[in-house]
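These notes are about the structure you will find just below.
Throughout, read-outs are computed from the coordinates displayed, never taken from laboratory work. Here the structure is a predicted model, which means the values were calculated and not measured. Quick reminder, even Gly has a Cβ in these numbers, built from the backbone with ideal geometry, and neighbours come from all protein chains shown.
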Amino acid sequence: MENINVLQKQLVQALRDRSHEQVEFWRQVPYLALQADGRTGHLDQYSCAFYHGYWQLHSSEHSGYYHVYVDLETGDLVSASNVEQLASDDAVLNLNADELDAEKLVAELIEEGKEEHGSYYSAEAKEEWRQSVIAETGLTPIYSRGGSRKKIPFVWD
């Protein structure tokens, strides 16, 4: 049994390292999520990225709640209930490792950002909205929480 526990710890560390090593891609996600959002609808996952700097990991969802986010400034896997803490080892073990492919996510967001707006949206109005979000948050193509002008509070703040 001890060997299994050691392997579990190694797997958790490998997943944390995998995420952290891709920080240069994670830092691109908030800006690209803003560019992709609002073309055919709006996604909470995207707004969490550009307003707060966290990427919700769907495989961590249980009972309607996410348990693990990626901190988009550092690449750390953090607890969704307290982003000041690393996610628990048990929560990390339950992740789908494919969700930690930040390079693939960046490529997908770039493609989504090129899509046309739905006919029910005004492209000009959506671009004005994007510019207002950038002005409100201080968002840049490479995310830095220190560069943000205004902290947009989470619901539980």
For the residues TRP26, TRP129, what sequence is obtained by ranking on other C-beta atoms within 10 Å, fewest first? TRP129, TRP26
Ranking of VAL106, VAL92 by count of other Cβ atoms within 10 Å, fewest first: VAL106, VAL92
Using only Cα atoms, figure out Rg for the chain and give it as a multiple of 2.2 N^0.38 Å. 1.10
Among the aspartates and glutamates, which fall within straight-line cross-link reach of LYS104, defined as a Cα-Cα distance under 18 Å, with same-chain neighbours fewer than 8 residues apart omitted? ASP17, GLU21, GLU24, ASP37, ASP71, GLU73, ASP76, GLU112, GLU115
Have a look at ASP71, ASP37, ASP89 and tell me which one the Gaussian network model of the chain (Cα, springs below 10 Å) gives the largest fluctuation. ASP89
Within a Gaussian network of the chain (alpha carbon springs, distance under 10 Å), most fluctuating of ALA36, ALA49, ALA14: ALA14
Could the peptides 139-145, 38-44 be put in order, highest first, of the mean number of other beta-carbon atoms found within 10 Å of their residues? 139-145, 38-44
For the chain, set up a GNM with springs between Cα atoms under 10 Å and report which of TYR65, TYR120, TYR54 has the largest fluctuation. TYR120
